[in-house]
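Structure, as structure tokens:
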Amino acid sequence: MPHATARADAARAVIFSPLEGAGRAELVEQRLTDAIVSGVLHDGERLPSEADLAKSLGVALVTAREALVALRHKGLVRTRRGRDGGSFVTYDRDASARVLDERLRTTSRIELRDLSLHVAAIAGMAAEVAADRASDDDIASLVEIDARADLTSAGGARRAVSRFRLEVAAVSQSPRLVHEELRLQAETGPLLFLCLRAQEYRDRSRQARLDIIDAIRRADAASARRATVDHVTECVEWLIDEKARLEAGEGSGS
């Protein structure tokens, strides 16, 4: 699918774009971690060299190096020496789950609420504008993304949500909204969509897509925005509940 390829290329471009507030190895580590656990960077994929990574992210060489060391300690990257050497992604489902659980534990409830506001503002506005601007072909594209969604796994459901929201942003015809949606997905998507571990929430994600498609088809901007915001809010409420379970030692971990 040309659209899917274009979105994937755009997502990768965001991953290796300059960081805001550059200079902290933790920011580099977090961006690459999110890209790995969300599947933007694939198992076995070779990362840019330390020098190239530092240049693309706008950080010092030592900062990029520290971030890669941290990723190796997490088990998300391995480094091989020699002519064909470099740093390679080592995606491991269990390791990734532990990384995300730990991130949720260390993210405050205030930060989660703020995340909800930010993501809902961008995704909701994109849906609202898309309802006013969508063509029949645009609607057909949204329907196709939903029809192709794989709800049998958390990863499949997450990819469906990601593609759908990017397509809605593209239908809005706003390059700024598209870029911001990509940036938010790169930095927060793996955490935000943790609820898709549960089949119930995968099914709810599909119902949200159907509601948004219906609203866009009817050119009902308010309903398109409301369905989008409600879905984001539901995901964050799940995160807050899951955070409480993790803190009590009862997290799902699956």
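Each value in this text was obtained by applying a stated rule to the coordinates, not by laboratory testing. Given the structure is predicted, the values throughout are model-derived calculations rather than measurements. Positions of Cβ are generated from backbone atoms using ideal geometry, with glycine treated the same way; all protein chains shown enter the neighbour counts.
Worth a mention:
- Here the simple spin-label model places points 7 Å from the Cα toward Cβ, and for T188 and S49 these points are separated by 3.6 nm.
- Net length gained if the chain between A140 and A95 were fully extended (0.36 nm per residue, minus Cα distance): 12.4 nm
- V69/L210 FRET efficiency (R0 51 Å; Cβ-Cβ; nearest 0.05): 0.70
- Exposed loop sites, defined as trypsin sites (Lys or Arg not before Pro) outside DSSP H, G, I, E and B with at most 12 other Cβ atoms within 10 Å, are absent from the longest region of the chain, namely 84-217.
- Per-residue [θ]222 nm for the chain (sum of -39500 (n - 2.57) over DSSP H runs n ≥ 4, rounded to 500): -24000 deg cm²/dmol
- Rounded to the nearest 20, the Cβ-based charge dipole of the chain about its Cα centre (Lys and Arg +1, Asp and Glu -1) stands at 740 debye.
- Ranking F16, S87, S153 by Cα position along the charge dipole of the chain, where only Lys, Arg, Asp and Glu carry charges on their C-beta atoms, puts S87 farthest toward the positive end.
- Taking the alpha carbon gyration tensor of the range 116-165, multiplying each eigenvalue by 5 and rooting it gives semi-axes of 21, 18, 5 Å, largest first.
- For G86, distant residues with modelled amide H under 5 Å away: R80, R81
- Projected label distance in nm at R148 and R105, using a 7 Å step from Cα toward the beta-carbon: 3.8 nm
- In the range 143-254, the convex hull through the Cα atoms has an average projected area of 7.0 nm², a quarter of its surface area.
- 5 Å binning of all Cα-Cα separations within the chain, expressed as whole percents from 0 upward: 1, 6, 13, 17, 19, 16, 12, 9, 5, 2, 0, 0
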